[in-house]
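> Structure incoming, see below.
The values are calculated or read from the model by the stated rules, or taken from the named source; none is laboratory data. As the structure is a prediction and not an experimental result, all values here were calculated from the model. Methodologically, a virtual Cβ is constructed for each residue, glycine included, from the backbone with ideal geometry; neighbour enumeration extends over all protein chains shown. Surface areas here come from the heavy atoms of the whole protein model, side chains and all, with no ligands, DNA or RNA. Shrake-Rupley method; radii C 1.70, N 1.55, O 1.52, S 1.80 Å.
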Amino acid sequence: MSRAVMVQASPSLALVKYWGKRDERRNLPATPSLAVTLGGVHTRTRITLSEADRVFVGGQEQDRERFASFFEALRRRLRTEARFRAESLNSFPTAAGLASSSSGFAALAVGCTRAAGGVLSSRELSALARIGSASAARAVFGGFTLLPAGARYARPLFPEQHWPELRIVVVVVSTQAKALTSREAMRATRSSSPFYRAWLVSSGRLLARALEALERSDIELLGLCARLSYSRMHAALLAAEPPELYWLPATVAVIRECAALRAKGIGAWETIDAGPQVKILCLEPDAPAVVQSLRELEPGLRTILCRPGPGPVVEEEEE
Ligand code: PMV
């Protein structure tokens with residue numbers, strides 16, 4: 001009897017961003033990243049053993065090349081010949097800068113290992129997920145995580161209960177998949193941005209400040225670090241050849257709205273990944289005012305209220 005495994009995993013939102021690869025073949029990050037796993041949004045993936053590796057996201061078959069190195073590494077590590085079929089659904093827009101690859105590869109690493117009857121430590125699962133997507137190394141854990149520069153695996157820093165009042169408002173500015181993948185954009189930044197070196201140096205310094213902020217649950221300092229990190233990442237990309245900008249007019253409108261809220265004494269600090277979406281850090285008492293202000297800014301703008309969330313959860317079904 002073959003087994004089907006269902007895994008639910010949440011995306012990893014970087015507060016200090018990973019952007020650039022130290023080793024492209026092994027997919028090792030050039031900068032350290034500090035992240036929170038988001039409770040409130042998830043990927044659900046059903047995995048069965050199959051004749052060939054096939055991955056479907058929202059019913060659409062994915063490019064096999066994108067997953068080949070991941071599945072090869074998985075088989076080597078588990079010493080198996082097994083092939084996998086994965087059917088995945090995201091509760092949020094896919095490939096649009098909402099970190100679907102982090103939850104997607106974390107779910108795959110955990111689910112395929114279980115479906116093949118293997119057992120791996122969380123460190124090994126993190127290293128495996130990293131082969132697909134470096135941010136996925138973090139999504140193997142819940143709560144707050146760190147992926148050091150050049151590291152093979154992430155490590156959990158604090159559990160999700162560390163900061164119960166922290167909220168993250170995900171603002172869905174566009175549901176369109178991005179034209180430029182993060183892999184391509186990182187390559188362009190590294191190979192042609194004159195600011196790349198400065199980006200690498202400043203990331204290490206920023207990490208130290210952000211870690212201190214997280215330890216003390218200091219939202220003002222963490223919010224500032226998050227804003228500095230995404231601004232510098234996008235500035236480096238904007239200076240690449242050709243210049244690239246992921247933002248839409250509504251992205252800028254939300255950045256400005258956060259500044260206006262802060263000026264009124266409502267704590268709202270934005271961060272942006274490889275896409276037009278904005279994620280806003282705030283504390284629980286301010287969350288309703290933040291959501292309300294976005295509704296007034298642009299009726300119809302979708303917001304999802306998240307909090308620090310758990311790592312992947314596995315359910316098994318007999319077939
Ligand atoms: O893991 P990737 O290849 O999807 O890249 C993620 C890059 C950012 O989301 C922009 C930053 C991060 O650390 O998650």
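> Only one of these is open to solvent by 10 Å² or more (accessible area, probe 1.4 Å) and at pLDDT below 95: 302, 307, 209. Name it.
That would be 302, the only listed residue that is open to solvent by 10 Å² or more (accessible area, probe 1.4 Å) and at pLDDT below 95.
> Please return the ranges of strands (runs of 3 or more DSSP E) entirely within the stretch 1-84 where 3 or more residues are closer than 23 Å to residue 315 by Cβ and away from the ligand (no atom under 15 Å from the Cβ).
Of the strands (runs of 3 or more DSSP E) lying wholly inside the stretch 1-84, those with at least 3 residues that are closer than 23 Å to residue 315 by Cβ and away from the ligand (no atom under 15 Å from the Cβ) span 3-9, 43-50, 54-57.
> Same structure again: Can you say whether residue 189 is crowded, with 23+ Cβ neighbours inside 10 Å and over 30 Å from residue 110 (Cα atoms), as far as the supplied structure shows?
So residue 189 passes the test.
> Might you let me know whether the stretch 118-134 holds any residue that is acidic (Asp, Glu) and either under 30 Å from residue 243 (Cα atoms) or in contact with a Cys (Cβ under 9 Å, 6 or more places away or on another chain) (or both)?
Scanning the stretch 118-134 turns up no residue that is acidic (Asp, Glu) and either under 30 Å from residue 243 (Cα atoms) or in contact with a Cys (Cβ under 9 Å, 6 or more places away or on another chain) (or both).
> Return only the number of the condition from (1) in a helix (DSSP H, G or I); (2) within 16 Å of residue 6 (Cα to Cα); (3) within 16 Å of the ligand (Cβ to nearest atom) that residue 110 does not satisfy.
Result: residue 110 passes all but (3).
> Report, by residue number, each residue of the stretch 192-233 that is among the small types (Gly, Ala, Ser) and away from the ligand (no atom under 16 Å from the Cβ).
192, 198, 208, 213, 217, 223
> Could you pull out the residue among 125, 98 that is within 18 Å of the chain's Cα centre (by Cα) and in a loop (DSSP other than H, G, I, E, B)?
Just one listed residue meets the conditions, 98.
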